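Notes for the one structure printed next.
The values are calculated or read from the model by the stated rules, or taken from the named source; none is laboratory data. Remember, predicted model here, so these are calculated numbers, not experimental data. As a convention, Cβ positions derive from the backbone with ideal geometry for all residues, glycine included, and neighbour counts pool all protein chains shown. Ligands, DNA and RNA are stripped out before the accessible areas are found, and what is left, the full protein with its side chains, is counted by its heavy atoms. Shrake-Rupley method; radii C 1.70, N 1.55, O 1.52, S 1.80 Å.
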Amino acid sequence: FAAPADALTVKDNNFSVYFEPSSSEGSLGKIAQIFPQEYNIPIEVKAYHTEEVSREDTYLNFVPLSEKMLITGRLPLTNKKIEVLGAMANPALFAAQYFKIKLQENGIKVKGKASIGSQEKYLPENLLYTNISVPLKDIIQKTNKRSLNLYADILLRHLGKGNVKEGFLNVKTYLDRIGVDSQNINLYDGSGLARSNYTTCKTIVSLLETVSKQPYAQNFIESLSVVGDENDIGNMATRMQNTLA
């Protein structure tokens with residue numbers, strides 16, 4: 001839900017914990033597997049199975065001053081494995097560990113442990129590989145339809161070449177350029193999760209009216225979730241079905 005944004009992002013900076021099925025009231029949850037399996041982190045479980053819930057109601061938190069994760073809450077009584085999602089504490093470190101594992105799997109020897117160091121300049125720089133992403137409109141479509149907070153936060157940083165404040169300035173500069181008053185907008189992050197993000201209804205309406213006249217208007221419209229459409233990938237696909245809405 002709140003995976004941290006990082007320049008090194010693998011598997012959306014999320015991981016899954018799968019619990020064994022259980023029909024025993026009050027039994028302690030037992031981990032069946034972790035995905036990706038390369039995410040090797042100590043996990044303490046204090047979540048119990050109960051008939052009080054029909055789906056998992058758990059919290060995954062990192063224990064302060066340690067690298068251990070604590071899972072608390074309630075798990076349903078079920079005959080199927082239960083998936084619980086968690087946010088990686090250190091995405092860059094996992095990216096390094098994952099890269100090392102993949103190198104080794106392909107016969108490349110790697111000495112030492114994967115670790116995160118201080119920022120350094122390595123000169124002369126040698127280009128090893130260039131990767132071209134899918135078009136931006138496809139990234140935005142997935143961001144909006146799936147309401148991916150991580151993608152929104154990374155896009156903001158991209159606009160500022162890695163700097164959040166520069167990203168904010170570029171957003172406001174663009175709004176002013178297309179005729180939307182940016183004075184009534186306060187930005188704190190790209191996803192909108194923080195309470196410090198706020199604007200006015202009038203500004204939102206002005207933004208939507210202006211965007212509708214831009215060359216990319218159709219791309220924006222196609223990025224929105226379609227309510228009640230089971231063929232849509234958005235998180236509104238199953239809502240309001242069989243209603244007037």
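Descriptive notes on the structure:
Residue-by-condition table, conditions (1) in contact with a strand residue (DSSP E or B) (Cβ under 9 Å, 6 or more places away or on another chain); (2) open to solvent by less than 30 Å² (accessible area, probe 1.4 Å); (3) basic (K, R):
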site	(1), (2), (3)
N13	yes, yes, no
V17	yes, yes, no
E20	yes, no, no
E25	yes, no, no
K30	yes, no, yes
P36	yes, yes, no
I41	yes, yes, no
V45	yes, yes, no
Y48	yes, no, no
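- Test: G162 is open to solvent by less than 50 Å² (accessible area, probe 1.4 Å), in contact (Cβ under 8 Å) with a residue 40 or more places away in the chain and under 21 Å from the mean Cα position of the chain (by Cα): no
- Flag if V205 is surrounded by 13 or more Cβ atoms within 10 Å (Cβ to Cβ) and either under 23 Å from A5 (Cβ atoms) or out of contact with any Cys (no Cβ under 6 Å at 6 or more places or on another chain) (or both): no
- Filtering segment 50-61 to residues that are under 23 Å from the mean Cα position of the chain (by Cα) and open to solvent by less than 100 Å² (accessible area, probe 1.4 Å) leaves E56, D57, T58, L60, N61.
- From the list A3, A7, the lone residue that is modelled with pLDDT under 90, touching a helix residue (DSSP H, G or I) at 6+ places or on another chain (Cβ under 8 Å) and open to solvent by less than 50 Å² (accessible area, probe 1.4 Å) is A3.
- Checking Q119, Q97 one by one, the residue that is more than 20 Å from N13 (Cα to Cα) and open to solvent by 50 Å² or more (accessible area, probe 1.4 Å) is Q119 and no other.
- In segment 62-94, the residues that are open to solvent by less than 20 Å² (accessible area, probe 1.4 Å), out of contact with any strand residue (DSSP E or B) (no Cβ under 8 Å at 6 or more places or on another chain) and over 19 Å from F35 (Cβ atoms): A92
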